[in-house]
Amino acid sequence: MDIKEIIRIVGLLQKVNCSRLALISEVARELGVKKTALMQFIEDNPKLFCTQEMTRRSKRGTSTVGLAIRDAYPTAGDNPATDEWLELRRKEWKKKLHVAGYDYYGRIEYHYFPEDNPKDSLRTGLWRNTPEKFRELEEAGVLKKRNIGSGGFGDYSVMERYVYNDDSAKALAEHGWTTDFNEKE
């Protein structure tokens, strides 16, 4: 079986059925193979697939329809759930930081480096803005948390953040670091 063809069929079935899931039985039928053969391929290549049970609701309750493919990937490095994907992100972001904007009613008040959560769906706290990176940059005197205020009319707040500005961008560049700030434009 060809993973590229499986990915194509899964995508088309998801569109046709207006669903995030494509039943393995439907994918197998479209590929012209037995559903057990497709299931064996999935079990032999677990890092290429995200599967889940598909259920249907009716007046009588919920019933299981079958196992479905939610996502299929050409390589393990493309699947955010794998260690291979995580290692690629760690290499790509080794000396790079993510910049976010603080939005106050549709207006960006300032830019800062958010502290990422290692438990979010992409495990950003393990590869993007990690505590280790911030510790290293603080020890080198490149970054320092500071209080910054934002808001107005009764909802003014002060937060302690690693602020992104011309000075911090210059200091990062001098130490061989980059950001994704200009990539967003």
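Every number here is computed from the coordinates shown, using simple stated rules; none is lab data. Since we're looking at a predicted model, the values are computed, not measured. Ideal geometry is used to build each Cβ from the backbone, glycine not excepted, and the neighbour counts take in all protein chains shown.
The table that follows gives values for the structure above.
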quantity	calculated
Hydrodynamic radius (Kirkwood) for segment 3-75, which is based on Cα pairs only, to one decimal in Å	12.5
Cβ charges +1 (Lys, Arg) and -1 (Asp, Glu), total dipole of segment 3-75, debye	400
Total charge dipole magnitude, the chain, about the Cα centre, Cβ charges on Lys, Arg, Asp, Glu only, Debye to nearest 20	840
Quarter of the Cα convex hull surface for the chain, i.e. its orientation-mean projected area (nm²)	15.9
Where the Cα pairs of segment 93-184 fall when distances are cut into 10 Å bins, in %	15, 47, 31, 7, 0
